[in-house]
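As structure tokens, the structure follows; a few thoughts come after it.
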Amino acid sequence: MISARNLLRVKPAEQLSSEGSHSALSRTLGLVPLVALSVGATLGTGIFVVLAEAAPAAGPAVVISFVLAGVAALCSALSYAELAGSVPVSGSAYSYTYATLGEIVAWICGWCLLLEYGVSVAAVAVGWGGYLNEFLQGTIGMAIPEALSAPPGEGGVVNIPAALVVLMATAVLMKGVRESAWVTTITTLLKIAVLVFFVAVAFTGFRSGNMAPFAPTGFAGISVGASAVFFSFIGFDAASTAGEEARNPKRDMPRAIVLSLLIVTAIYVLVSFAAVGAVGSDALGDSEASLATALRVVTGQGWPAVILSLGAVIAIASVVLTVLYGQTRILVAMSRDGLMPKMFSKVNHRLVPSRNTLLVGGVVALLASVVPLNQLAEATSIGTLIAFGLVNIGVVILRRTRPELPRGFKTPLMPIVPLLGLGLCLYLITGLDSITWLAFAIWTAVGLAVYFGYGMRKSQLNDTAAPVE
């Protein structure tokens with residue numbers, strides 16, 4: 001018989017932390033790699049890909065959409081930072097929710113995170129194919145045929161470049177966390193350099209007329225744009241998935257989360273302002289490789305677009321790498337708790353959860369090859385917003401129920417900031433399409449079936465809680 005006691009049982013923060021401190025994973029990451037991990041997982045996802053989706057909806061006010069989404073993300077980031085310093089394990093929001101709201105809510109949160117991370121990797125991979133074609137067109141005058149570079153429904157049969165970049169990232173992850181961190185740091189620095197190059201060139205073609213009317217669709221358009229570009233802020237929480245591979249997680253993880261979000265928000269606002277001012281919001285929606293197109297319009301030459309496209313090809317690949325890393329570590333935590341099969345937490349001689357990584361990489365590669373970009377982006381946003389909302393609730397509960405718990409960081413203005421973060425998440429989620437809600441409802445129903453059929457019976461807390469009959 002299913003009882004409320006089983007569904008709402010909480011895993012104490014000390015137990016989660018103890019299990020994390022005895023993890024088979026290797027503690028090799030300092031503050032710089034953790035910041036690079038979060039920036040690498042975030043920066044590029046929106047600017048290189050989703051700007052083309054949001055700019056036509058909001059007009060030039062898409063800049064405000066980025067600010068609104070950034071504020072919403074910052075409130076949640078401060079909550080993440082406190083919980084990351086209190087419960088320094090690999091499970092991110094899943095583990096934080098397990099320590100505060102109970103097992104069934106933690107399962108739903110973890111299930112949302114699997115949607116968020118897996119689908120976002122696929123979405124970014126689809127955008128990567130657009131920039132790869134832009135680069136090939138500008139260098140050798142050829143591009144991959146649409147039948148092999150676009151999914152069904154967008155003129156193609158299968159998106160081979162999207163699947164390829166996921167498989168390449170999977171191969172890097174199989175080498176080990178130290179090697180993955182090195183690749184992430186290099187590609188993140190390259191990504192920032194490419195975006196600085198874009199801003200410098202785009203401002204040479206800035207026209208004030210492109211900024212008017214500033215908000216042609218009013219605040220409704222800004223809101224829709226913010227809901228869309230919120231997708232571009234997922235990833236700042238990637239550092240929270242590295243809790244068992246950080247050298248000093250209580251100190252460095254909160255810092256990495258907040259620093260990475262501030263860096264990303266500043267760059268997003270600057271780049272979107274330069275892009276809209278250079279070519280106008282409507283022109284940005286004409287191509288998946290919108291920034292490269294903007295440079296071609298501004299300069300009348302192909303070489304700046306080629307440089308940007310090459311940078312985007314490398315940089316977006318790093319997003320795939322870091323977000324894929326995050327998903328595998330969340331599965332490690334869920335597996336260790338017994339809610340997922342044990343195979344997901346077993347590591348090889350390189351201290352890599354190899355079976356987990358290979359399975360996730362294969363599923364995401366398949367998803368990226370056949371699903372259109374806009375459907376992937378919105379499905380990611382809804383999973384993200386729900387996970388963030390639960391984290392904001394969790395930080396308030398843990399502060400009240402466990403005030404004595406050591407914390408490496410404390411969310412300011414408690415409980416105003418987390419409640420504001422929760423409210424903004426609820427507000428942004430209303431801007432998503434009904435088809436997105438339908439897909440999420442189906443995903444949640446499948447997740448609950450898995451939990452009641454497997455996870456609840458296999459949970460490690462069964463040893464300390466009432467048995468499930």
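The values are calculated or read from the model by the stated rules, or taken from the named source; none is laboratory data. Predicted model, so just to flag it, every value in this text is computed and none were measured. Reconstructed Cβ throughout: ideal geometry from the backbone, glycine too, with neighbour counts over all protein chains shown.
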Can you tell me how many residues in segment 94-106 are farther than 19 Å from residue 238 by Cα and assigned to a helix (DSSP H, G or I)?
3
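Looking only at segment 404-453, count how many residues are assigned to a helix (DSSP H, G or I) and either of a type in the set (A, V, I, L, M, F, W, C) or surrounded by fewer than 16 Cβ atoms within 10 Å (Cβ to Cβ) (or both). Walk me through it before giving the result.
Initial filter on segment 404-453 (assigned to a helix (DSSP H, G or I)): 416-429, 434-453.
Among the residues that remain, those that are also either of a type in the set (A, V, I, L, M, F, W, C) or surrounded by fewer than 16 Cβ atoms within 10 Å (Cβ to Cβ) (or both) are: 416-417, 419-420, 422-429, 434-435, 437-443, 445-446, 448-450, 452-453.
Residues that pass the stated criteria total 28.
Any idea which of 240, 318, 260, 272 is under 24 Å from the mean Cα position of the chain (by Cα), part of a helix (DSSP H, G or I) and farther than 23 Å from residue 177 by Cα?
Just one listed residue meets the conditions, 272.
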Here is a list: 260, 335. Which entry is in contact with a Ser or Thr (Cβ under 7 Å, 6 or more places away or on another chain), among the hydroxyl-bearing types (Ser, Thr, Tyr) and surrounded by fewer than 24 Cβ atoms within 10 Å (Cβ to Cβ)?
335
Please verify whether residue 356 is assigned to a helix (DSSP H, G or I), modelled with pLDDT of 90 or more, under 28 Å from residue 441 (Cβ atoms) and not acidic (Asp, Glu), treating the condition exactly as stated.
yes
Of the residues in segment 187-204, those that are farther than 17 Å from residue 270 by Cα and modelled with pLDDT of 90 or more number 0
Determine whether residue 302 is over 17 Å from the mean Cα position of the chain (by Cα), buried (at least 24 other Cβ atoms within 10 Å of the Cβ) and closer than 16 Å to residue 136 by Cα.
no
Does residue 201 satisfy the condition of being in a helix (DSSP H, G or I), touching a Pro at 6+ places or on another chain (Cβ under 7 Å) and surrounded by 15 or more Cβ atoms within 10 Å (Cβ to Cβ)?
yes
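Do you know which residues across segment 207-226 are among the hydrophobic types (A, V, I, L, M, F, W, C), surrounded by 16 or more Cβ atoms within 10 Å (Cβ to Cβ) and more than 29 Å from the chain's Cα centre (by Cα)?
211
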Among the residues listed as 275, 283, the single one being crowded, with 24+ Cβ neighbours inside 10 Å, in contact with a Ser or Thr (Cβ under 9 Å, 6 or more places away or on another chain) and either among the β-branched types (Val, Ile, Thr) or farther than 30 Å from residue 358 by Cβ (or both):
275
Might you let me know whether segment 245-255 holds any residue that is surrounded by fewer than 21 Cβ atoms within 10 Å (Cβ to Cβ) and either farther than 30 Å from residue 79 by Cα or without any contact (Cβ under 8 Å) to a residue 12 or more places away in the chain (or both)?
no
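Using the structure shown, decide if residue 253 is in contact with a strand residue (DSSP E or B) (Cβ under 9 Å, 6 or more places away or on another chain), in a helix (DSSP H, G or I) and farther than 18 Å from residue 62 by Cα.
Criteria met by residue 253.
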Count of residues meeting criterion [touching a residue at least 60 places away in the same chain (Cβ under 8 Å), within 15 Å of residue 177 (Cβ to Cβ) and not in a helix (DSSP H, G or I)] in segment 323-351
3
Just to be sure before I move on: is residue 136 in a helix (DSSP H, G or I), surrounded by fewer than 24 Cβ atoms within 10 Å (Cβ to Cβ) and out of contact with any helix residue (DSSP H, G or I) (no Cβ under 8 Å at 6 or more places or on another chain) in the structure I sent?
yes
If residue 247 passes every condition in (1) in contact with a Pro (Cβ under 9 Å, 6 or more places away or on another chain); (2) modelled with pLDDT under 90 but one, which one does it miss?
(1)
Just checking, which of 174, 142, 168 is surrounded by fewer than 20 Cβ atoms within 10 Å (Cβ to Cβ), touching a helix residue (DSSP H, G or I) at 6+ places or on another chain (Cβ under 8 Å) and without any contact (Cβ under 8 Å) to a residue 12 or more places away in the chain?
142
